[in-house]
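Visitor: For reference, the structure I am asking about is given below.
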Amino acid sequence: MPSVDERDEPTEYRQTPYKAPDGATEVLLIRHGASAPARPDRPFPLVDGHGDPELAPEGRDQAERVGERLADEPLDAIYVTPLRRTSQTAAPLARRLGLEPRVEPGLREVHLGEWEGGLFRKMVAENDPVAQRMFAEERWDVIPGAEKNEAFAARVEEGLVRLAAAHAGGRIAVFTHGGVIAQALAAATGSRPFAFLGADNGSISRLVRLGGLSSLRGFNDVSHLGWSVPAPLT
């Protein structure tokens, strides 16, 4: 029988590390590495109307660092978009893990209408009045011919729902774009549309999805890029 002291010992309720709910999908959202610079005399080639630059040398270095960072992480699948900067960024990790990247078209970058092909960067750099309005209103469709915010949000959500359902209880790496990451995290947190715009090239953000619910577990992790000491993702 327990002693009197043991019977009188109060129950303790300790704090515990986070654990994803059973059946949830952990989604690592990795922004592609830095892409080639835009030049007025050399517009980017287009794929289905989207600018499709290749990675710049610094972007290839970022891709290698992402591969090193995630090489020992358990991953069920790697996803990329139809735009080559994502597949080029995913390639080092795919080689290390022996996984063939799968294409998810729904997570391609927002369509920038008349500012595709590299013109978007020029207009933002020159602080064009339309760019000012875009940031003030937090709407992509201020740009002539650009994708409607609502349509963009819907396809990003549909893409994430599709991937989460295919990998329930697992973990996946999704190599995608800055606008997509911003939209996914804004939807998960109920924040302003552009609140998470500006994820660094090669950064890792982390969502946990269960059914139609999303939980943000990390944003813009760049510790593997040489700015600080890497921290484990688990």
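Visitor: Per DSSP helix of 4 or more residues, -39500 (n - 2.57); summed, then divided by the residues of the chain. What does that give at 222 nm, rounded to the nearest 500?
Guide: Rounded to the nearest 500, it is -10500 deg cm²/dmol.
Visitor: Let me ask another. So how much accessible area does LEU119 have, in Å² to the nearest 10, using a 1.4 Å probe?
Guide: Rounded to the nearest 10, the figure is 60 Å².
Visitor: Order ASP76, ASP221, ASP48, most accessible first, counting only protein heavy atoms with a 1.4 angstrom probe.
Guide: Per-residue accessible area, sorted high to low, gives ASP48, ASP76, ASP221.
Visitor: If you don't mind, another one. Provide the percentage of antiparallel DSSP beta bridges, counting only those with both residues in the chain; round to the nearest 5.
Guide: Bridges in the chain are about 60 percent antiparallel.
Visitor: Pop out the Kirkwood hydrodynamic radius of the stretch 1-106 from its pairwise C-alpha distances, inverse of mean 1/r, in Å to one decimal.
Guide: Here the Kirkwood hydrodynamic radius works out to 17.3 Å.
Visitor: Give me the one-decimal nm value for the distance between modelled label points at LYS19 and ARG139, 7 Å along each residue's Cα-to-Cβ direction.
Guide: Computed distance between label sites LYS19 and ARG139 equals 4.7 nm.
Visitor: Angle between the Cα long axis of helix 178-189 and the longest principal axis of the chain, 0 to 90 degrees, nearest 10?
Guide: 40 degrees
Visitor: Along the three principal axes, how long is the stretch 75-213 when you take its alpha carbons, biggest first, rounded to the nearest angstrom?
Guide: So the extents along the principal axes, rounded to whole Å, are 46, 30, 22.
Visitor: Among (i) 12.0; (ii) 10.9; (iii) 16.9, which one is mean projected area of the Cα convex hull in nm² computed from these coordinates?
Guide: Derived directly from the coordinates: (iii).
Visitor: Also: Can you work out the accessible area per residue across the stretch 145-234, with the rest of the protein chains kept in place, probe 1.4 Å, in square angstrom?
Guide: Result: 41 Å² of accessible area for each residue.
Visitor: In whole Å and largest first, what semi-axes does the C-alpha gyration tensor of the stretch 17-60 yield when each eigenvalue is scaled by 5 and square-rooted?
Guide: Equivalent ellipsoid semi-axes, largest first: 36, 14, 6 Å.
Visitor: For the stretch 46-105, rounded, prolate or oblate, judged on the Cα gyration tensor with a ≥ b ≥ c (square roots of eigenvalues), a/c < 1.5 rounded, else prolate if a/b > b/c?
Guide: oblate
Visitor: Moving on to the next point. Probe 1.4 Å, all protein chains in place: accessible area of HIS50 in Å², nearest 10?
Guide: Using a 1.4 Å probe on the heavy atoms, I get roughly 10 Å².
Visitor: If ligands, DNA and RNA are left out, what is the accessible area of GLU126 with a 1.4 Å probe, given in Å² to the nearest 10?
Guide: 110 Å²
The values are calculated or read from the model by the stated rules, or taken from the named source; none is laboratory data. The structure presented is a predicted model; accordingly, all values stated were derived computationally and were not measured. Quick reminder, even Gly has a Cβ in these numbers, built from the backbone with ideal geometry, and neighbours come from all protein chains shown. Remember, those area values only see protein heavy atoms, side chains included, never the ligands or the DNA or RNA. Shrake-Rupley method; radii C 1.70, N 1.55, O 1.52, S 1.80 Å.
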